4 protein chains.
Amino acid sequence: MSLPLAPFSSFASDNAAGVHPRVLDSIVASNQGSALAYGEDRYTAEAVRRFGDLCGREVECLFVFGGTGGNVLALASLLETGEAVLATDTSHIHVDEAGAPERLIGTKIVTVPHSDGKLTVEDVEACVADRAQVHHPRVGVVSITQVTEMGTVYKPDEVAHIAEACHRRGLRLHMDGARIANAVAALGGDESLFRELTQHVDAITFGATKNGGMFGEAVIVFSDHGKANLAYIRKQLAQLPSKMRFVSAQFNSMLTDGLWLQTAAHANSMAVQLYERLKDIQSLQLSPPQANSLFPTIGHAHAETLREWSFFWDWNQTLNQYRWMTSWATTTEDVDVFAGVVRSVLASS
Amino acid sequence: MSLPLAPFSSFASDNAAGVHPRVLDSIVASNQGSALAYGEDRYTAEAVRRFGDLCGREVECLFVFGGTGGNVLALASLLETGEAVLATDTSHIHVDEAGAPERLIGTKIVTVPHSDGKLTVEDVEACVADRAQVHHPRVGVVSITQVTEMGTVYKPDEVAHIAEACHRRGLRLHMDGARIANAVAALGGDESLFRELTQHVDAITFGATKNGGMFGEAVIVFSDHGKANLAYIRKQLAQLPSKMRFVSAQFNSMLTDGLWLQTAAHANSMAVQLYERLKDIQSLQLSPPQANSLFPTIGHAHAETLREWSFFWDWNQTLNQYRWMTSWATTTEDVDVFAGVVRSVLASS
Amino acid sequence: MSLPLAPFSSFASDNAAGVHPRVLDSIVASNQGSALAYGEDRYTAEAVRRFGDLCGREVECLFVFGGTGGNVLALASLLETGEAVLATDTSHIHVDEAGAPERLIGTKIVTVPHSDGKLTVEDVEACVADRAQVHHPRVGVVSITQVTEMGTVYKPDEVAHIAEACHRRGLRLHMDGARIANAVAALGGDESLFRELTQHVDAITFGATKNGGMFGEAVIVFSDHGKANLAYIRKQLAQLPSKMRFVSAQFNSMLTDGLWLQTAAHANSMAVQLYERLKDIQSLQLSPPQANSLFPTIGHAHAETLREWSFFWDWNQTLNQYRWMTSWATTTEDVDVFAGVVRSVLASS
Amino acid sequence: MSLPLAPFSSFASDNAAGVHPRVLDSIVASNQGSALAYGEDRYTAEAVRRFGDLCGREVECLFVFGGTGGNVLALASLLETGEAVLATDTSHIHVDEAGAPERLIGTKIVTVPHSDGKLTVEDVEACVADRAQVHHPRVGVVSITQVTEMGTVYKPDEVAHIAEACHRRGLRLHMDGARIANAVAALGGDESLFRELTQHVDAITFGATKNGGMFGEAVIVFSDHGKANLAYIRKQLAQLPSKMRFVSAQFNSMLTDGLWLQTAAHANSMAVQLYERLKDIQSLQLSPPQANSLFPTIGHAHAETLREWSFFWDWNQTLNQYRWMTSWATTTEDVDVFAGVVRSVLASS
């Protein structure tokens, strides 16, 4: 079978996309003269102020190099000595960070089976019963992912209930927001919805790279539970960018005129478009996307043909399940090309 | 006293400088379409190949986010379980990384007093005597810094002698090359001198950010002592950039037409120029710079006046010693302005 | 209901028992004059020699304070930097060591559902498929428990098959032998069966405390995969007893005339006796014990009455499952008293 | 030269001595029937109560296996995430624990040159100046050793001044009391002097093994700075003895009728006796002992002859300095034999 050129934008992941032009412009524009390193520059002061405005209250806001480092710093900001973290068995911190939390901060991640990608209030309650047993890992922090690894989105009241369950029992709540923008956009929201969604959370890893950035994420600590010396812990975790202005400049452009929500909403809409193009193919077993990913079921041979043409990740090999993901850069043309080839490959024998 | 505007380029550090235009151009140019994340892109393949050419042999080359992470990865690539690191009491890994090696890889750093910034063959020999004592930290890796924290430069034969002393006793040698380019340039060298300088070293942290980059350093492991799974350890240390192409693109431009040595040579020459402008002032106790830093002695009041005008770091408070540092971006005009104000402030009462 | 006195020996755990008289005698006898600390004494030399004889080949044998420390040292002796451990979801290192391996050596424990307490060859094969993925925990060591936490016993050929599956794929095999003596006894074996059972294992934690000792366990490293500097790693893990002779003396008595197997065989036989006394009570859902534990199902109210009378641990709260455990010190009278009260409490309403 | 038999009690270290008969008796006596593990026994309840009486106030008291583990737990009980420890360059935690604090709790130990074995108020003040610098290790806990590694003893007001300097600046104070009994005895004191000496300290490692015990030390946390979950942290550090009664029984006998101070006072008096026997030999450069150690200067050949006859440790190879140490078990006859041989060996050519 002769296939057309692969789409310009990959459906492998949102981190295969490049940098959004406005974000790149902000980087270039900040390359003027000297600026003291490690955040002692005006771009960083501005970005921190913008995050304060976004959150609507006093927060600690620390920029880091990447997502794994951001999650580790956020967890470190909430964990007491000796405590473990509760997360789902599909959570990124458990499955996709190569054991970084265990190595870098010595914490254990205790897992529960996910429910459509999510952790539940019941999971929190069950883990607390164990805290009195000196031999068992002692959970101190619960971590949820927004958007989840299964493409689902926690609603504000779901987060509030989990947070309430945590706080009533002396636990703290972390949100891995690598795709927080896609979640807010998926909930039809603006900045006030972000505040509603995060108001009971103790710390959040706020993703930027997957949403049109080049590098750098933000760790926002909302809680009085946060440590006094977070800036110091960031340095110790090797997550303090020296030429910080180039991270901060990205956030300044993203937080201007709601760019961060526009890029995310676009990515989400491209996933819907891809779903619409292919939902009639029963064998794919597609569910309507909540954010920017689809999880098709594809037979091995067809999947390999497609992946060779335009790469995407497998998700659950036992179920023949894969992941297609859209980004700020995906175009209608990309969707059309991709959907067309999927249809023709699946139709071939 | 009324002072002129501060110089355009800060003398605080080479990481206060921006990104070199050719490096920035390469970043912008690589922002074309999709590229698989985590190094599965053509820019990274090219950068790795270029480092192989530079080193003239098979090496493992891994890009990381920053200097602290690079040092920790390089040390992890050489350390056996339970081993400690030997370094001078002024070394960056001991003094300026907030305890990151201890936290992230659990190693202890054993220190010896520096000799003009350097570690000596005798230091290596002395530490080995201790290795039989099960209660004492057991040194497995020796780490030297090039350029040293005192602005001095190890010559190729000095490195070779230390490496020989290490290898004869089963130790491995790491070079923290945050300013390796300035060292090579200072030795009047080109790429072949880089090879001579590093041929007996087991792993090197190759700095880029201070030399005109935006973010990202390289860890080069020369040795068979290196671990098999370095890519995996990098991920676990939270030092795997997702949109790797933007790190690799920087290295590609730096390694084209010797840009990395030109920028470093310029920085060095600006330090010489500053030295020439001020060497007659006895109270400063300036030594001729070997690379891109000067370490003046200044009385407290004068220093504060100067630092308020254009910030620079103190270096040894007991000795009233400070550090002035030049970069790829420093201009003759900057030097003239800076030297002029230093002279007039010191002349004031 | 008026209950008789609780049995002299608790059925809570084999670590509730005291020290076997011959072991205690050996401790007292070794308290003669001075002996250099940290193992430089003749008792330790003898104990190490005895372990060599038991194993029938060159081994590294290190005595440590306790079981958790022993497991951590054994894992550290086999793990390469950055690697994870595979174990069942009921394994002691995962469930009952409070996150010690994660804290002390930074490793992640990857779990698979147990099969009657055991890990299988298929589990090993499945985990290896993941090793190429840089984001996923990279298993380097497989850990099995003998006797398992569900009271089952791996047969020599089961261990051999798992070992073969590990070694073919570059993994190493650890056996948590906290109750290795009960396993050997359960398999009807003597010292040659111990050799058969462990001949393909790379490191074993050899339990003593639960089998009539006071404190101290042995870590035996069979493999060339073991680190060169294990004695040093033990010290760093805070597991080097200073007055080592009192640990070694225990092992010397245990390894004399097969005491270690006699005490274990006795414990096992007491579990069988308890099973025989109660197997007719359907509601208990007892299986014949393979070693020294039974796992009865008991309704909450009855269980609480019994536990108040003579404490034992719950095992699976969802299933109302508890654990009864016998030891070297359990007597037929203890079994009779205990079984009698169980029967009468269950008969009450 | 023909030498007599070596003394019955070694002068190598107080941990070469055996167990005091009353302590051994208490161990044997506690070997009666079952006792729940992990401290749920009456011996432990009694020992904890006795420590409360000794301290004269509410304390957390946790028994651990050994001294290194005790120091690590005590430090962990006081350190906040990311903090470092300040200690002298001769401190046991820095020199003689093989990097255990760095490995087990990821902390860095920042050192200052000792002053006659001690740390000073000025050292505390100097380290605090550094705490604002995000790149430098951030000291949170100061650790002093009592008796110091140089055989000197902090007086109560010295400790109080250091504690005051710590607390005024938000630091906490740890005392490594591996030989706290020798210190109290050396100060001519009883239990009230112990209270005076420790009343401003936040946590103490209370040594027992060197003072006539078999194994086990106590960690006493005096301070509200202590963590809530210390029992849990102990377990995670692999320092929770399962058959705890045998540790607790030792403390019960030591704390009865002041045995712990009698044994220490005896050890100290034997050091004085040894000093008196040899003080006239100028070349030894002996100072009057403050506790139970002497630090003679001996030429290499003579030292080797003596060490071959009856082993003792070198202390400072550069200075030809060695250590002689007495214990609860040293007798006047031992001193006479040892002093006699030293005198005759030194007199030989």
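Scanning region B:232-273 for residues that are hydrophobic (A, V, I, L, M, F, W, C), surrounded by fewer than 24 Cβ atoms within 10 Å (Cβ to Cβ) and either touching a Phe, Trp or Tyr at 6+ places or on another chain (Cβ under 8 Å) or assigned to a loop (DSSP other than H, G, I, E, B) (or both) yields B:244, B:255. Residues considered: D:209, D:198. Of these, the only one that is over 25 Å from residue A:80 (Cβ atoms), hydroxyl-bearing (Ser, Thr, Tyr), within 9 Å of chain C (Cβ to nearest Cβ) and buried (at least 24 other Cβ atoms within 10 Å of the Cβ) is D:209.
The one condition from (1) among the aliphatic types (A, V, I, L, M); (2) in contact with a His (Cβ under 8 Å, 6 or more places away or on another chain); (3) within 19 Å of residue D:72 (Cβ to Cβ) that residue D:150 does not meet is (3). Would you mind stating whether residue A:264 is within 18 Å of the chain's Cα centre (by Cα) and at pLDDT 95 or above? Yes, satisfied. Scanning region D:107-125 for residues that are of a type outside the set (Lys, Arg) and more than 30 Å from residue A:106 (Cβ to Cβ) turns up D:113, D:114, D:115, D:116, D:117, D:120, D:121, D:122, D:125. Please verify whether region A:7-18 includes one or more residues that are surrounded by fewer than 18 Cβ atoms within 10 Å (Cβ to Cβ) and within 9 Å of chain B (Cβ to nearest Cβ). Checking region A:7-18: at least one residue is surrounded by fewer than 18 Cβ atoms within 10 Å (Cβ to Cβ) and within 9 Å of chain B (Cβ to nearest Cβ).
Within region D:212-231, being surrounded by fewer than 21 Cβ atoms within 10 Å (Cβ to Cβ) and within 8 Å of another protein chain (Cβ to nearest Cβ) holds for D:227, D:228, D:229, D:231. Which count do you get for residues in region D:19-39 that are more than 24 Å from the chain's Cα centre (by Cα), modelled with pLDDT of 95 or more, at the interface with chain C (Cβ under 9 Å from one of its Cβ atoms) and surrounded by fewer than 17 Cβ atoms within 10 Å (Cβ to Cβ)? The total comes to 1.
For residue B:292, the conditions (1) more than 15 Å from residue B:188 (Cα to Cα); (2) in contact with a strand residue (DSSP E or B) (Cβ under 8 Å, 6 or more places away or on another chain) all hold with the exception of (1). Checked against the criterion of being polar (S, T, N, Q) and more than 27 Å from residue C:37 (Cβ to Cβ), the candidates D:115, D:10, D:91, D:77 yield just one match: D:115. Within region B:129-152, being within 16 Å of residue C:232 (Cα to Cα) and touching a Phe, Trp or Tyr at 6+ places or on another chain (Cβ under 6 Å) holds for B:134, B:138. Residues in region D:155-193 that are of a type outside the set (S, T, N, Q) and within 14 Å of the chain's Cα centre (by Cα): D:174, D:175, D:176, D:177, D:178, D:179, D:180, D:181, D:183, D:184, D:185, D:186. The set of residues in region A:298-341 that are within 14 Å of chain B (Cβ to nearest Cβ) and exposed (fewer than 14 other Cβ atoms within 10 Å of the Cβ) comprises A:308, A:313, A:333.
Scanning region B:40-77 for residues that are surrounded by fewer than 18 Cβ atoms within 10 Å (Cβ to Cβ) and of a type in the set (A, V, I, L, M) returns a single hit, B:45. Screening residue C:318 against (1) in contact (Cβ under 8 Å) with a residue 60 or more places away in the chain; (2) over 24 Å from residue C:210 (Cα atoms) leaves a single unmet condition, (1). Take residue C:85 and tell me if it is closer than 18 Å to residue C:202 by Cα, surrounded by 24 or more Cβ atoms within 10 Å (Cβ to Cβ) and over 15 Å from the mean Cα position of the chain (by Cα). Yes; evaluated as a whole, the condition is true for this residue.
The values are calculated or read from the model by the stated rules, or taken from the named source; none is laboratory data. Owing to the predicted nature of the structure, the values given are computational and were not obtained by experimental measurement. Cβ atoms come from the backbone with ideal geometry, glycine included; neighbour counts cover every protein chain shown.
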